[in-house]
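To start, the structure itself, in C-alpha cells.
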Amino acid sequence: MQGGLERATGEKMILSFGPQHPATHGTLRIVLELDGESVLKAIPHAGYLHTGFEKLGEHLDYNQYIVVTDRMNYLSPLSNNFGYVLAVEQLLGVEVTKRCQYIRILMAELSRLADHLLWLGTAALDLGAFSVFLYSFREREKLYSIFEKTTGARLTTSYTRVGGVLRDLYDGCEEDVRQFVTNFPKALKETHTLLTKNRIWMDRTKGVGAISADDAIGYGLTGPCLRATGIAHDIRKAEPYSSYEEVTFDVPVGTNGDAYDRYLVRMEEMIQSCGIVTQVLDNMPDGPVNLEDNKVTMPNKPDAYGHIEGLIHHFKIVMDGHGVQPPMGEHYCATESPNGELGFYIVSDGSGTAYRIRIRPPSFFHFQALPHMLEGGMVSDTVAVLGSLNVIAGELDR
Amino acid sequence: MNEEKDVEEQPKPLVLEKLEAHHSDALLAQDEARGSVVLVVRKDQAYAVLEYLKTDPELAYTYLVDVTAVDNSQMESELMQFDYARFMVVYHLYSYQGQGRVRVKVPVHENDLRITSVTGLWQGANWLERETYDMFGIDFEGHPDLRRILMPDDFEGHPLRKDYPLRGRGERESFNFDKQNV
C-alpha cells in the first residue's frame, strides 16, 4: 500500500475530518495527520452528541426511560427498546409471555434488516455507488411502513414496555412481513450484482481497514465487525435470550476482517434475519401479549380509559414510588443489536428509578479501534473504513 | 435429603474456584447473581486479579466488555459493606472459552481516587477509562492519555457523580451566547 508513495517532502498536513462531513453520518470528528495521501496518525474525537442519557436514567422511571433508548442507535430503535426492557425484566425476575418474546424477536430482526440496509446504502453512497443507496432505501421504506403501522412511529418507536409491548401486531402485519421477506432476497440479489464482484467496490474495500481477530477482541469489537475477523460469536447463539434458542440460523463469518468482509457478513446476516422472521411467523404462539401482572405491566388503553380497575392500575404504575420497582441489586444484560453487543448495566436501589444505568454501546468500541485500522492506509480509505464500521453518533456519545 | 440438595446446587464456577486458590486474599466479597459471577476485589490487588483472569489459559477472559463506575454515596448498604468507599469501579469481562461473564467490582475511596489502569491488558480499556474519568473523576494510573472524552476539555466537575445536579451547575447560562440574549 505504501509502495507507490514516495515520502519525499516529509511535510505533514493535519486534516480535520468532521464534525460535519457527509460521510460521518452524525457528528464525529477524526483528526488525520497526513503525509501526502497516506495517513500517519488518526485521532478520533467523540462527544459531539453527548446527551447525558446515563444521567437521565437516574431521574426517569423504568418505563419512561424506554423513550430515551430510541435515541441511542437511531437506526434500530426497536433493538434498543428490546435490550433495555430485557435488562429491567431480568432485574425484576419476570419473564414475558411466549407471544411477546416472539413479537420482540420479530421486531428486533426487522430492525436489524433496516439497520443493515441503511448501512449498506450509505456505505455504498460514500464510495460513490448511488444506485445501491436508492435500492436499499426502497426496501428500508417497506420496513419503516411496517414499523409505523405497528408502533405508530417510524423512528421513535418506544415499542416495548416492561412486561410486554405497546400493543399487539396489527391486523395484516403477518401478510406485510411475509411479503417483505419473500421479496427481499431477490432485491438483495440486485445489490449483490451491483457490488459484490464490482471491481471498484472490491478495490475500495478489500484489504482496507483490516483488523486481526486478536486485536478485534482486544479492542472489544462485537457484532459484524468481530465476525468479519473469523470469530463466530453471536450473543443470540452464545447466551440465547427471549426464545432465540428456538429459531435456527447461521452465524456468518469473514476471514480477513476488512471492510469487504464486514460488507459480506452484513449481507448474509440480512438473509439469516429473513429466515428468523419466517420461523417466528410460522410458530407465532397465540395468547396474551403482555404479562397479566398489574404490578409490572401497564394496563391496555381500553382498560385504563374504560374501567376503574384499569385506571387505578395505570395510576399505580405511573405514580412515583408505586410503579415498577425492581429489588435492590444490579444486573448486566447483553443483547445482539445490529451493530454488536448492546449492554445495559442497571443498579437498582429498590425505588422506581434506577440508581445507575450504564449503556455499553457497540459503536464506542468500533470508533476507538478506528486509528488501528486507518494508520498506514490512504486518506480516501478513511471514508470506506468509517462507513464499514457503521459508527452511530447517538449511541457513541449517549 | 442432603443428597438431593447437592444435586440441586449448581457446581461452583471455575473462576471462583481458581480465584479462591490463587487470589483469596484479594476477594472482599463474591456472589453469583442472574447468570453472572460478581467479585469485589481490593483495590491494591485489582490489577493482579484482572491480569490473572485474562491470562489464565483456562479462564481466558480476553474480552473486556465494559469499564464503568457507580457513585455509591446515596447507597447506604453498599457504603456500609465496603468501608465507606464512595465509588465502585466496575469491570465486565467475558470469556470466549465458555466461562461466561464475570463482573469485577473495586471499591475506591474518595480521598484516594487512583487505581491502576488496565490499558496494558486490553487496548479497548483506553476510552472506557477515559469515560470513567470524565464522568466520575477516577484517576487511572498508567493510562497513556487520560483526558475527558464526552464532555468538553475545559469542563469542570464530573457529571455522573450523585452530587452533580441533573440540570447542571449553570454551565449553559455562562455561555456568551446566552448572555447576549439577556
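The values are calculated or read from the model by the stated rules, or taken from the named source; none is laboratory data. Just so you know, these numbers come straight off a predicted model, no measurement behind them. Note: ideal-geometry Cβ built from the backbone for every residue, glycine included; neighbour counts use all protein chains shown. SASA here: full protein model, heavy atoms, side chains in, ligands and nucleic acids out. Shrake-Rupley method; radii C 1.70, N 1.55, O 1.52, S 1.80 Å.
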Discussion item. So, in region A:9-61, exactly how many residues are of a type in the set (Val, Ile, Thr), within 14 Å of chain B (Cβ to nearest Cβ) and without any contact (Cβ under 8 Å) to a residue 24 or more places away in the chain?
Written reply: 1
Worksheet, complete the sentence: Picked from region A:379-389 (must be polar (S, T, N, Q) and assigned to a helix (DSSP H, G or I)), the residue farthest from residue A:12 (Cα to Cα) is A:388
Practice prompt. Consider residue A:391 carefully, then state whether it is at pLDDT below 90, touching a strand residue (DSSP E or B) at 6+ places or on another chain (Cβ under 7 Å) and more than 11 Å from every other protein chain (Cβ to nearest Cβ).
Written response: no
Worksheet entry | Flag for residue A:336 being within 11 Å of another protein chain (Cβ to nearest Cβ) and within 28 Å of residue A:243 (Cβ to Cβ) | no
Worksheet item: Looking only at region A:55-69, which residues are open to solvent by 10 Å² or more (accessible area, probe 1.4 Å) and under 19 Å from the mean Cα position of the chain (by Cα)?
Response: A:67, A:68
Response to the item:
Checked region B:16-40 for anything touching a Phe, Trp or Tyr at 6+ places or on another chain (Cβ under 9 Å) and touching a residue at least 24 places away in the same chain (Cβ under 8 Å); matches are B:18, B:19, B:22, B:23, B:28, B:29, B:36, B:40
Discussion item. Among the residues of region B:92-115, what is the count of those that are under 23 Å from residue B:57 (Cα atoms) and surrounded by 20 or more Cβ atoms within 10 Å (Cβ to Cβ)?
Written reply: 10
Discussion item. When you scan region B:123-145, do you find a residue that is farther than 29 Å from residue B:21 by Cβ, touching a residue at least 40 places away in the same chain (Cβ under 8 Å) and of a type in the set (Phe, Trp, Tyr), even just one?
Written reply: yes
Item to complete: Give me a count of the residues in region A:79-100 that are open to solvent by 10 Å² or more (accessible area, probe 1.4 Å), in contact (Cβ under 8 Å) with a residue 40 or more places away in the chain and over 21 Å from residue A:340 (Cβ atoms).
Response: 7
Practice prompt. List every residue pair whose Cβ atoms lie under 9 Å apart, where the two residues are 6 or more positions apart in sequence or sit on different chains, the first residue falls within region A:309-328 and is within 14 Å of chain B (Cβ to nearest Cβ), and the second residue, located anywhere, is of a type in the set (Gly, Ala, Ser) and surrounded by 13 or more Cβ atoms within 10 Å (Cβ to Cβ).
Written response: A:326/A:348; A:326/A:354; A:327/A:348; A:328/A:348
Discussion item. For region A:274-295, check the following and say yes or no: at least one residue is within 14 Å of another protein chain (Cβ to nearest Cβ), open to solvent by less than 10 Å² (accessible area, probe 1.4 Å) and touching a residue at least 12 places away in the same chain (Cβ under 8 Å).
Written reply: no
Item to complete: Please specify each residue of region B:119-131 satisfying the condition of being facing chain A (nearest Cβ under 9 Å), assigned to a loop (DSSP other than H, G, I, E, B) and open to solvent by less than 40 Å² (accessible area, probe 1.4 Å).
Response: B:121, B:122, B:124
Discussion item. Given the condition among the hydroxyl-bearing types (Ser, Thr, Tyr) and over 27 Å from residue A:222 (Cα atoms), answer yes or no: does some residue in region B:16-36 qualify?
Written reply: yes
Item to complete: Considering only residues that are in a loop (DSSP other than H, G, I, E, B) and more than 10 Å from chain A (Cβ to nearest Cβ), look in region B:134-146 and name the one that is surrounded by the fewest Cβ atoms within 10 Å (Cβ to Cβ).
Response: B:144
Worksheet item: Looking only at region A:146-157, which residues are surrounded by fewer than 20 Cβ atoms within 10 Å (Cβ to Cβ), touching an Asp or Glu at 6+ places or on another chain (Cβ under 7 Å) and within 26 Å of residue A:94 (Cβ to Cβ)?
Response: A:156
Fill in: Subset of region A:138-182 (residues that are closer than 18 Å to residue A:279 by Cβ and of a type in the set (Phe, Trp, Tyr))
A:180
Response to the item:
For helices (runs of 4 or more DSSP H) lying entirely in region B:1-118, having 3 or more residues that are touching a helix residue (DSSP H, G or I) at 6+ places or on another chain (Cβ under 8 Å) picks out B:14-22, B:46-55
Worksheet item: Filtering region A:348-378 down to residues that are within 9 Å of another protein chain (Cβ to nearest Cβ) and in a helix (DSSP H, G or I), which residue is farthest from the chain's Cα centre (by Cα)?
Response: A:372
Discussion item. Could you go through region A:229-239 and let me know if any residue there is under 20 Å from the mean Cα position of the chain (by Cα), open to solvent by 50 Å² or more (accessible area, probe 1.4 Å), over 25 Å from residue A:379 (Cα atoms) and not small (Gly, Ala, Ser).
Written reply: yes
Worksheet item: Can you name every residue in region A:351-398 that is in contact with a Cys (Cβ under 7 Å, 6 or more places away or on another chain) and surrounded by fewer than 23 Cβ atoms within 10 Å (Cβ to Cβ)?
Response: none
Worksheet item: Tell me, which residue of region B:50-89 that is away from chain A (no Cβ under 12 Å) and touching a His at 6+ places or on another chain (Cβ under 7 Å) is surrounded by the fewest Cβ atoms within 10 Å (Cβ to Cβ)?
Response: B:52
Worksheet item: Out of curiosity, is residue B:47 surrounded by fewer than 16 Cβ atoms within 10 Å (Cβ to Cβ), more than 12 Å from every other protein chain (Cβ to nearest Cβ) and hydroxyl-bearing (Ser, Thr, Tyr)?
Response: no
Discussion item. Contact list please: Cβ distance under 8 Å, first residue in region A:62-78 and under 13 Å from residue A:361 (Cβ atoms), second residue among the acidic types (Asp, Glu), pairs at least six apart or on different chains.
Written reply: A:72/A:395; A:73/A:115; A:73/A:395; A:75/A:115; A:76/A:115
Discussion item. Go through (1) farther than 23 Å from residue A:83 by Cα; (2) at pLDDT 90 or above for residue A:127 and report which single condition fails.
Written reply: (2)
Worksheet item: Inside region A:104-144, can you point out the residues that are under 16 Å from the mean Cα position of the chain (by Cα), surrounded by fewer than 24 Cβ atoms within 10 Å (Cβ to Cβ) and of a type in the set (Lys, Arg)?
Response: A:140
